[in-house]
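Following: one structure in structure tokens, then a few remarks.
The values are calculated or read from the model by the stated rules, or taken from the named source; none is laboratory data. Note that the coordinates shown come from a computational prediction; the quantities given were computed from them, not determined experimentally. No Cβ is skipped: glycine too gets one built from the backbone with ideal geometry, and neighbour counts run over all protein chains shown. We work out accessible area using only protein heavy atoms, side chains counted, and drop any ligands, DNA or RNA first. Shrake-Rupley method; radii C 1.70, N 1.55, O 1.52, S 1.80 Å.
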Amino acid sequence: KTTIGGNVTGESKARLAGLAVSAIRAIAETSHGKTAADVDNIVIRKKAGASTNESKLVQGLIIYKDKPHASMPDRIVGAKVALIGSAIDPFIYETGDALREYEIVAPEQLRTFKEGESRYYKGVVNILNEAGANALFCQKRVSKAMQAFLAQERILAFDLVSDKEMVRLSKATGAQIVTKPGDLMPGDVGTAGLMEFRNISGDDMLFIEQCPHNRAVTLLIRGGSEKVVEELEGVMNQCIKTLAVALEYGIALHVGGAVEMGIWKELKRFSSTITSKEQLAVEAYAEAVEELPKALVINAGTDCINVLTELRS
């Protein structure tokens, strides 16, 4: 709540603070007695058109993409996820996005070419079916014709998925990223209990939930306007980073005069152990330190004597 500051107030502030804490706890990992949280495993998605109180934490991922093909499924229960690093297109070289060129001068060549193209598509579908995958995420391009073949098999397929998204998908579902379709084995396939498109204020988003590993989560931030959600995104990013540091170190330093009153308390205790006139110097220093919270109390417009008495006790 301190990190969120005055940007948000009331019930919304408490809700956002709770969501940030839940997100950090979900992705925190303990190794060799130390706990740490990789903030890259928390994705923030923002969408205007609703109250801030409708913001929520998704134990999984949200992919902000439209459905690639109309015949692909809207909802998959018990999704089996494959992650491919290369392009899935017979016209693209395996190592990049460079297009192949073919010169066809006879009808027989065209027939052979079409048969080879069909074999390629069917081969990829067979590989996915044998591995048990019904959801595909590809780091590079998937051709339109390949998407049509996959749609016929009721396989959901996305292309041009970013490096970060691929890593998050791997962490959430347990799937292994393989270089090309031919490398895919059943053991490389990950799982998600539910994968479905949901319309959020006019836009379709793919929700990937009920992931067994839960090492990647998504904060869906809502707000009344684009400006509001933009500001909230910055606030929540800062909040998450602050929480990650607090979790790693295991301590938090209170402000608002708490540190100074702590010093005052220890100096008072220490002064009682001194029998010489130096005790007066220690007490004077303690009183000087106390001037700082006193100034805060006065600036806040509250009763200085009552507040300081409460602080001392």
Mind putting a number on the dipole of segment 208-313 about its Cα centre? Charges go on the C-beta only, +1 for Lys and Arg and -1 for Asp and Glu, and I need it in Debye to the nearest 20. 260
Counting only DSSP beta bridges with both residues in segment 28-178, tell me the antiparallel percent, nearest 5. 30
Among residues other than Phe270 whose Cβ falls under 12 Å from its Cβ, what is the net charge (Lys/Arg +1, Asp/Glu -1)? 0
What distance in nm separates the simple spin-label points at Ser225 and Thr242, each placed 7 Å from Cα in the Cβ direction? 2.5
7 Å from Cα along Cα→Cβ at both Asp203 and Glu103: what's the point-to-point distance in nm? 4.7
Which of Glu233, Glu209, Glu290 moves the most in a Gaussian network model of the chain with Cα springs under 10 Å? Glu290
Skipping prolines and chain starts, which residues have an amide H placed within reach, meaning under 5 Å, of the one on Val43, given they are 5 or more residues away or on another chain? Val217, Thr218, Leu219
Read through the labelled values [x] 18.9; [y] 23.9; [z] 25.0 and report the label of the one computed as mean projected area of the Cα convex hull in nm² from the structure. [y]
Given the C-alpha centroids of segment 1-64 and segment 137-181, what is the distance between them in whole angstrom? 27
Springs between alpha-carbon atoms under 10 Å, Gaussian network over the chain: tell me which of Ser276, Ser225, Ser143 tops the mean-square fluctuations. Ser276
Considering the dipole of segment 243-308 built from charges on the beta carbon (Lys and Arg +1, Asp and Glu -1) around the Cα centre, which of Gly301, Leu247, Ala284 is farthest to its positive end? Ala284
For labels at Thr275 and Thr3 in the simple 7 Å Cα→Cβ model, what's the distance in nm? 5.1
In segment 1-33, which residues have a backbone nitrogen under 16 Å from the label point lying 7 Å from Leu253's Cα in the Cα-to-Cβ direction? 3
Give the angle, between 0 and 90 degrees and rounded to the nearest 10, that separates the Cα long axis of helix 258-271 from the longest principal axis of the Cα atoms of the chain. 40
Can you tell me the orientation of helix 226-249 relative to the chain, as the angle in degrees between its alpha-carbon axis and the longest Cα principal axis, to the nearest 10? 70
What dipole magnitude, in Debye to the nearest 20, does the chain give about its Cα centre under +1 on Lys/Arg Cβ and -1 on Asp/Glu Cβ? 540
Can you give the % of DSSP beta bridges in the chain that are antiparallel, to the nearest 5? 60
Leu110-Ala50 FRET efficiency (beta carbon distance; Förster radius 45 Å; 0.05 resolution): 0.25
So if each residue of separation counts as 0.36 nm, and I subtract the Cα-Cα distance between Glu11 and Arg119, what length gain in nm does that give? 33.0 nm
Take every DSSP beta bridge with both residues inside segment 104-240 and express the antiparallel ones as a percent of the total, to the nearest 5. 70
With axes computed from alpha carbons, what is the tilt in degrees of helix 278-299 against the longest principal axis of the chain, rounded to the nearest 10 within 0 to 90? 60
So if we plug the beta-carbon distance of Arg141 and Ala36 into 1/(1 + (r/R0)^6) with R0 = 30 Å, what FRET efficiency do we get, rounded to 0.05? 0.25
Loop trypsin sites (Lys or Arg not before Pro), segment 185-246, which have at most 13 other Cβ atoms in a 10 Å radius of their Cβ (DSSP): none
Not counting ligands, DNA or RNA, and with a 1.4 Å probe, what is Leu253's accessible surface area in Å² rounded to the nearest 10? 150
Given the peptides 76-85, 257-266, arrange them by the average over their residues of other C-beta atoms within 10 Å, most packed first. 76-85, 257-266
